[in-house]
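The values are calculated or read from the model by the stated rules, or taken from the named source; none is laboratory data. In this text the structure is predicted, and so the values were computed from the model without any measurement. Here the Cβ positions follow ideal geometry from the backbone for every residue, glycine too, while neighbour counts run over all protein chains shown.
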Amino acid sequence: MKHREQPAAPWATWGALAAVLAVVAWFQAPFLLDRAIVVERDALSSILPIRAFLARALLEGSWPMWNPAPVLGKPFLAEWQTGLFYPPSALLLVTPFSRGFNLFFVFHYAWTTVGAFLLLRALGTSRGAAGLGALVWGLGGPLVSLGHLLNHLMAISWLPWVLWGWARTDDTRTRVLSSSLLLTAALLTGSPEMAILIAGLLVLLARDVRALWVPPLAALLAAMQLVPVWQYLGETHRGVHGLSTANVLAYSTPVARLSELVMVGAQASNPFLPTLYVGPVPVLLALGALLIVPSLTRLLATLLVVVLLGLAFGSNAGLLPLLYEHVPGIDLLRYPEKLLVGLHALIALGAAWGLTQLGARLPARMAQGVTAVLLVVSVADLARINRGALFTLPPDDVLSPPEIALAMGREGGAPAPTRYYANTTGAPTPANPAEAARIDRGLLYAATGELYGLGNVNTPASLNLVDHERLQRTLGQLLQPQALAALQALGTRFATSFVELRSPDIERVPLGSDAAHLYTLGDAARRAYVAEQVLVASGPDAALSRFVHENDPSRVAVVEGIGVEDIAYRAPERRAIEWIEDGNDVITIDVSTNAPALLVVNDSFLAGWRASVDGLPTTIERVNGLVRGVWLGSGDHRVTMRYRAPGLPLGSALSLATLVGLLLVSYRAGQ
């Protein structure tokens with residue numbers, strides 16, 4: 001990139017920016033007016049619950065590191081996609097939640113469009129061409145499609161800003177500092193694929209070896225987030241085992257689908273990106289720009305397009321399968337179609353450059369007229385195709401609890417959240433996004449129930465704990481009555497299912513709608529209990545297996561030991577438990593027993609939890625292969641368990657040290 005000075009015209013520039021933002025506001029009006037909320041694909045079953053939990057926690061004045069709702073509780077900060085350290089998350093504090101979420105959603109489209117305009121101006125395009133390129137970027141199909149995969153949208157919205165940080169000046173120190181700070185924001189969103197794409201485009205388009213400083217500096221600045229993620233990754237199934245070839249290559253783009261960049265035809269079945277449309281005018285302008293740029297730039301741009309398409313084609317081309325076989329870490333990424341957003345960025349850049357060159361070859365008045373016509377035609381075309389590309393519902397239809405959630409409610413006097421198991425066996429295959437949303441709300445699939453104060457014991461996630469995967473695998477190998485008894489013993493109160501469940505200890509709850517069936521799993525579901533019998537197993541797999549195969553698993557606790565002989569344990573006759581505090585990151589329980597006992601808390605066992613009994617530190621035992629327990633002496637005790645994300649102190653120190661170092665270098669350079 002080369003910085004080009006532009007004639008000073010601040011009012012004209014501000015006016016053009018205002019016009020661009022007005023177009024974005026019109027395009028996103030249903031969200032700005034809080035009349036719609038995206039529910040397509042992951043939005044309802046994952047994205048909305050995560051943001052709702054974060055909004056509730058922040059409004060309550062807490063900084064949540066742990067989320068007690070999914071499965072048996074799991075890290076929140078280290079999940080990465082939660083955006084706990086991401087500054088724009090402050091918009092979620094706007095109430096009601098639907099309004100705050102929609103402002104957060106629209107902000108990224110407005111922010112990235114402004115960034116694209118400033119970048120294109122810094123690169124030397126005309127004001128009108130910069131407006132065209134910015135709107136092709138902000139309203140184009142791939143970027144619009146990422147609205148249902150919010151963490152990817154959040155990350156890629158910083159692409160033009162990172163490039164602008166480099167293009168706006170010729171001073172190397174300022175370039176490195178600006179781009180590093182801006183790339184840090186992208187790294188805090190939880191989309192490693194988009195952050196890597198941004199870093200790669202910066203290095204390639206800068207054509208300056210000093211740009212290689214930016215990615216590592218940004219990673220150090222984001223260490224407060226990345227170090228806890230790295231620590232947590234080693235506890236997850238994805239981190240330990242990676243993803244299968246089929247999972248990595250799922251949603252590979254068919255070559256024929258590229259035609260959707262310029263025309264609306266027969267769309268691929270269940271596409272990852274609902275729309276790819278950017279329109280014929282921007283594509284033709286970009287192709288024209290490619291023909292007139294210097295040969296080295298043409299070669300670089302062509303190679304970049306080939307690489308992006310080779311990756312996006314996935315299983316339909318040989319590049320990504322080859323990388324999967326030979327590059328460590330590739331198996332942690334998946335769904336290659338989303339990389340088409342890189343091609344989208346190049347088209348927007350090329351369209352602005354092509355229009356600038358076209359205008360330079362025409363008389364001034366004619367150039368202005370041509371620019372205005374192409375702008376209006378392109379924006380109208382993009383709005384016609386992309387404005388309704390994502391499936392939405394009115395916020396009240398999404399955030400108001402469905403009948404099945406109301407029927408569960410919260411257990412009277414019991415700690416929250418109420419736990420249920422969503423049995424996906426026999427769930428209908430949705431024919432469209434509307435039907436998918438109805439099924440998700442009817443079954444309370446994945447994290448959907450978290451919107452209504454419930455916790456799903458089998459919530460899928462991009463980073464599932466090894467213990468949670470072990471639990472689901474084990475449940476799948478049991479007879480139905482055994483599996484339901486094990487779930488009940490883990491504190492699960494309800495089960496939802498589209499097929500009939502059969503067990504002598506469950507009861508069907510009558511519902512008046514066509515939602516999934518709802519079953520209560522009996523009255524003994526407990527979040528915490530004093531074990532009546534303590535058994536021993538050699539490791540977590542053996543402990544979980546022994547636990548679920550007990551005739552009455554709600555009575556036992558299986559601890560891990562080197563030997564296989566069970567502990568001589570006699571259940572206390574007095575076993576009183578009172579919950580004192582049940583926060584996101586801390587729980588406090590008063591326990592009274594008349595003999596030494598093992599207190600079991602049916603929450604996930606994980607590094608980062610620390611326990612104390614009557615103020616004195618004590619060891620947390622892994623019980624039943626996946627939950628927590630502490631040994632108590634006879635008498636009255638106060639047990640406190642507190643979670644702190646492993647790696648957070650080190651990561652925070654690295655972030656602070658890097659920031660101070662960069663500011664000192666910048667300050668000394670300015671003297």
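Take THR184 and tell me if it is surrounded by fewer than 23 Cβ atoms within 10 Å (Cβ to Cβ), polar (S, T, N, Q) and farther than 17 Å from LEU146 by Cα.
Values: surrounded by fewer than 23 Cβ atoms within 10 Å (Cβ to Cβ): no; polar (S, T, N, Q): yes; farther than 17 Å from LEU146 by Cα: yes.
No, not satisfied.
Residues checked against (1) buried (at least 24 other Cβ atoms within 10 Å of the Cβ); (2) outside the structural domain of PRO433 (by TED's automatic domain parsing); (3) closer than 24 Å to PRO216 by Cβ:
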residue: VAL114; (1), (2), (3): no, yes, no
residue: LEU118; (1), (2), (3): no, yes, no
residue: GLY128; (1), (2), (3): no, yes, no
residue: GLY133; (1), (2), (3): yes, yes, no
residue: TRP158; (1), (2), (3): yes, yes, yes
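Could you please let me know if ARG41 is touching a residue at least 40 places away in the same chain (Cβ under 8 Å), basic (Lys, Arg) and surrounded by fewer than 21 Cβ atoms within 10 Å (Cβ to Cβ)? Spell out the reasoning first.
Numbers: touching a residue at least 40 places away in the same chain (Cβ under 8 Å): yes; basic (Lys, Arg): yes; surrounded by fewer than 21 Cβ atoms within 10 Å (Cβ to Cβ): no.
No, not satisfied.
Within the span defined as the stretch 627-650, one or more residues are hydrophobic (A, V, I, L, M, F, W, C), assigned to a helix (DSSP H, G or I) and surrounded by fewer than 18 Cβ atoms within 10 Å (Cβ to Cβ).
Out of (1) surrounded by fewer than 22 Cβ atoms within 10 Å (Cβ to Cβ); (2) within 28 Å of the chain's Cα centre (by Cα); (3) not in a helix (DSSP H, G or I), the odd one out for THR496 is which? All conditions pass for THR496, except number (1). Annotation: of all residues in the stretch 23-45 being assigned to a helix (DSSP H, G or I) and β-branched (Val, Ile, Thr), the one that is nearest to the chain's Cα centre (by Cα) is VAL24. The residue list GLY633, GLY615, GLY625, GLY608 contains one member that is small (Gly, Ala, Ser) and on the phi < 0 side of the Ramachandran plot, which is GLY633.
In the stretch 524-552, what residues are closer than 25 Å to GLY73 by Cα, part of a loop (DSSP other than H, G, I, E, B) and out of contact with any Lys or Arg (no Cβ under 9 Å at 6 or more places or on another chain)? Write out each step before concluding.
Filtering the stretch 524-552 for residues closer than 25 Å to GLY73 by Cα gives 524-550, 552.
Going one step further and asking which of them are part of a loop (DSSP other than H, G, I, E, B), we end up with 524-527, 531-532, 538-539, 549-550, 552.
Correct list: ALA524, ARG526, SER538, GLY539, HIS549, GLU550, ASP552.
ALA485 meets each of the listed conditions (1) over 31 Å from the mean Cα position of the chain (by Cα); (2) part of a helix (DSSP H, G or I); (3) assigned by TED's automatic domain parsing to the domain that holds GLU573 apart from (3).
For residues in the stretch 510-557 being under 20 Å from PRO481 (Cα atoms) and loosely packed, with under 15 Cβ neighbours inside 10 Å, which is modelled with the lowest pLDDT? Among those that are under 20 Å from PRO481 (Cα atoms) and loosely packed, with under 15 Cβ neighbours inside 10 Å, it is ASP523.
Taking the criterion of being over 18 Å from PHE76 (Cα atoms), touching a residue at least 12 places away in the same chain (Cβ under 8 Å), part of a strand (DSSP E or B) and out of contact with any Ser or Thr (no Cβ under 6 Å at 6 or more places or on another chain), the only residue of the stretch 603-617 that qualifies is VAL613.
Against the list (1) touching a residue at least 60 places away in the same chain (Cβ under 8 Å); (2) in contact with a helix residue (DSSP H, G or I) (Cβ under 7 Å, 6 or more places away or on another chain), the condition PRO394 fails is (2). Between a residue in the stretch 283-306 that is touching a residue at least 40 places away in the same chain (Cβ under 8 Å) and closer than 23 Å to ARG361 by Cα and any residue that is assigned to a helix (DSSP H, G or I) and aromatic (Phe, Trp, Tyr), which pairs come within a Cβ distance under 7 Å, given they are 6 or more apart or on different chains? Here the result reads ALA289/TRP353, each pair linking the stretch 283-306 to a residue that is assigned to a helix (DSSP H, G or I) and aromatic (Phe, Trp, Tyr).
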